[in-house]
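Reading through the structure tokens given below for one structure.
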Ligand code: IVH
């Protein structure tokens, strides 16, 4: 494999044209090696040789930024964070599957199809693993990845295109070596983490002092829904494609052909699938997969059975939830029996007290299990498990398994019934009951909760206090330097310099970072309080509406509901939180430290002309950085999203715009250059 030398051979005298050709050649080569590595697991060149090609391409793109394309192999590292994930409608609704653990249900499914289809359709079924990840839709227009959308409610999902672009097994452009590319392809696949990659990720998190993820599925959907795609890029995600949702410019007759087409176009597809003719064939596949389940490097929870012929699918149709031409045949969850040595109660960041059983270690599906969640007070009561009891536990894709039931033992004396403690094991406060949950209400004082609150308060989207991470927060709480949020503002440099991990400079920086935040955007302060249901967006809307913190503290539920996006459930949760005397006291103390809130500029009489308008930014501008412009637009009530769709009102195109510009033109979206933008903003540039 050689790196094309731009000076050799081609001599047009035009360095830009030469660069363009080399970029094209390098991109193609990198795409091939990417596919060989991530999809075929059969690399042909060394990592070092790949890196050389990659860096050469990066250098050329840096030299000729106008030649950088959105689907370049270098564009998988993630982009600037966004404020929220916009909702988009699926090309075709993403239904879920009817499912059962019973072979009888499969028989009935087959009989239903026989009745509906009669003899003229040969009933063949595709059987494949039911992957336990997060399902997503990918859309390719003219062979180029144009959208990635989470399942959401099946009709509308979240636009995670930027994140999906960072997943190496997802082609940014379809391969056309084996099969012509369709004009439109919408497909469904499962985003997941291989178990080996998940374990390595969790190990790294534990080493870094972060909470490990509970299971690969949660880790996957968390990574997929990041606002900062650079974070997604750092997580080991894979996508396996299994269903063509919509297709234009190509024809398919069977599901099996669809899977082959997806593979030809460059996707990873289920590594085992079969076409079987009857229920016996289905049962055999199910048995074989169940047996091999523990040897796989990914979680599956059953198999999926789909009618192979595609034409009759339309005739069969679907219920409101699931298609009539497919079903899931699930496995029994993996269960084992063991004894409970002890029951203890752990306190989470939100104050929920969770009873946890410490078990005699037992192996369940290849994993040694020594603790299991007992969920909450009501579950505990219902199952009536006690210390010393023999219990059946199950692991359903979770690292922390569940206690399913007690296994009765004749003639054995049982221990005392377990009841939730009368005081929080972390801070001693009497807990309160919220539905089935038991909650420590000392949200700002309880050490277990305070650590989490401090980290949240200081996080980038909230008060943005650099240096107030997990480790520092834990140190402050454990040493008693911070007993409530307000104490943060009383910390002195000399208290920190003696602490482990602090020098004079870092102590000074942290103290000044904290003190600077007495003057802060109201929305950031609100976000930082960690009011239930109030994230960045709601906080911003509340700040814009009330323009005064006291107003929010006093607002009735109805008054809160007058704010865009706040419904009854949210307003009730906000009120309950703010009305709690301890919360109220903690906020009083915080306010005593003297804050000056920065408010968003008032909306002009009759509303801002930009209110509700949707903007997409591409390319670089002279007068603004991307973040500055975004803020400016948001202050005027506009929304800034990451990808162009028919709902986009304006695309702002600076120098070297990406493919978003072409997309905008093709959709007829209004495109503005910097001059046009300034006119729209009603100024001739920045004030
Ligand atoms: S086919 C209309 N095949 O399982 C349904 N789904 O409730 C067509 N899933 O979230 C889906 N592996 O995304 C199909 N091999 C597979 C699958 C699969 C996992 C997911 C699906 C959905 C859930 C079903």
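At-a-glance table
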quantity: Wholly within the range 516-579, helices (runs of 4 or more DSSP H) carrying at least 1 residues that are modelled with pLDDT of 90 or more and over 28 Å from the mean Cα position of the chain (by Cα); calculated: 536-546, 549-554, 557-561, 568-579
quantity: Test result for residue 117, touching a strand residue (DSSP E or B) at 6+ places or on another chain (Cβ under 6 Å), away from the ligand (no atom under 15 Å from the Cβ) and over 23 Å from residue 217 (Cα atoms); calculated: no
quantity: Any hit, the range 16-23, residues being in contact (Cβ under 8 Å) with a residue 40 or more places away in the chain and not in a helix (DSSP H, G or I); calculated: no
quantity: So residue 159, is it more than 15 Å from the ligand (Cβ to nearest atom), touching a strand residue (DSSP E or B) at 6+ places or on another chain (Cβ under 6 Å) and under 22 Å from residue 626 (Cα atoms); calculated: yes
quantity: Residue within the range 216-226 that is surrounded by fewer than 16 Cβ atoms within 10 Å (Cβ to Cβ), more than 16 Å from the ligand (Cβ to nearest atom) and assigned to a helix (DSSP H, G or I) present; calculated: yes
quantity: Among residues of the range 296-320, those that are part of a helix (DSSP H, G or I) and closer than 21 Å to residue 101 by Cβ, counted; calculated: 0
quantity: Residues being over 34 Å from the mean Cα position of the chain (by Cα) and in contact (Cβ under 8 Å) with a residue 40 or more places away in the chain - total across the range 110-131; calculated: 9
quantity: Residue in the range 249-259 that is within 15 Å of the ligand (Cβ to nearest atom), within 25 Å of the chain's Cα centre (by Cα) and under 22 Å from residue 177 (Cβ atoms) present; calculated: no
quantity: Residue in the range 599-621 that is in a loop (DSSP other than H, G, I, E, B), within 30 Å of residue 442 (Cβ to Cβ) and in contact with a strand residue (DSSP E or B) (Cβ under 8 Å, 6 or more places away or on another chain) present; calculated: no
quantity: Sole exception among (1) buried (at least 21 other Cβ atoms within 10 Å of the Cβ); (2) within 15 Å of the ligand (Cβ to nearest atom); (3) closer than 21 Å to residue 647 by Cα for residue 192, by number; calculated: (3)
quantity: Any hit, the range 265-277, residues being in a loop (DSSP other than H, G, I, E, B), more than 15 Å from the ligand (Cβ to nearest atom) and closer than 30 Å to residue 107 by Cβ; calculated: yes
quantity: Test: residue in the range 65-75 that is more than 30 Å from residue 283 (Cα to Cα) and either within 16 Å of the ligand (Cβ to nearest atom) or surrounded by fewer than 16 Cβ atoms within 10 Å (Cβ to Cβ) (or both); calculated: yes
quantity: Given (1) within 18 Å of residue 160 (Cα to Cα); (2) crowded, with 18+ Cβ neighbours inside 10 Å; (3) more than 16 Å from the ligand (Cβ to nearest atom), index of the condition residue 50 fails; calculated: (1)
quantity: Among (1) in contact (Cβ under 8 Å) with a residue 60 or more places away in the chain; (2) within 13 Å of the ligand (Cβ to nearest atom); (3) under 30 Å from residue 664 (Cα atoms); (4) under 20 Å from the mean Cα position of the chain (by Cα) - the single one residue 84 does not satisfy; calculated: (2)
quantity: The lone exception for residue 284 - which of (1) modelled with pLDDT of 95 or more; (2) outside any loop (DSSP other than H, G, I, E, B); (3) closer than 27 Å to residue 184 by Cα it fails; calculated: (3)
quantity: Residues of the range 297-329 satisfying the condition of being closer than 21 Å to residue 272 by Cα and more than 10 Å from the ligand (Cβ to nearest atom); calculated: 297, 298, 299, 307, 308, 309, 310, 329
quantity: Condition check for residue 229: in contact with a helix residue (DSSP H, G or I) (Cβ under 7 Å, 6 or more places away or on another chain) and away from the ligand (no atom under 16 Å from the Cβ); calculated: yes
quantity: Any hit, the range 431-447, residues being closer than 30 Å to residue 491 by Cα, within 29 Å of the chain's Cα centre (by Cα) and part of a helix (DSSP H, G or I); calculated: yes
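Table: residues versus (1) under 26 Å from residue 73 (Cβ atoms); (2) away from the ligand (no atom under 16 Å from the Cβ); (3) surrounded by fewer than 21 Cβ atoms within 10 Å (Cβ to Cβ).
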{"position": "138", "(1), (2), (3)": "yes, no, no"}
{"position": "163", "(1), (2), (3)": "yes, yes, no"}
{"position": "168", "(1), (2), (3)": "yes, yes, yes"}
{"position": "176", "(1), (2), (3)": "yes, yes, yes"}
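The values are calculated or read from the model by the stated rules, or taken from the named source; none is laboratory data. Keep in mind that this is a model prediction, so the values were computed, not measured. Backbone-built Cβ (ideal geometry, glycine too); neighbour counts: all protein chains shown.
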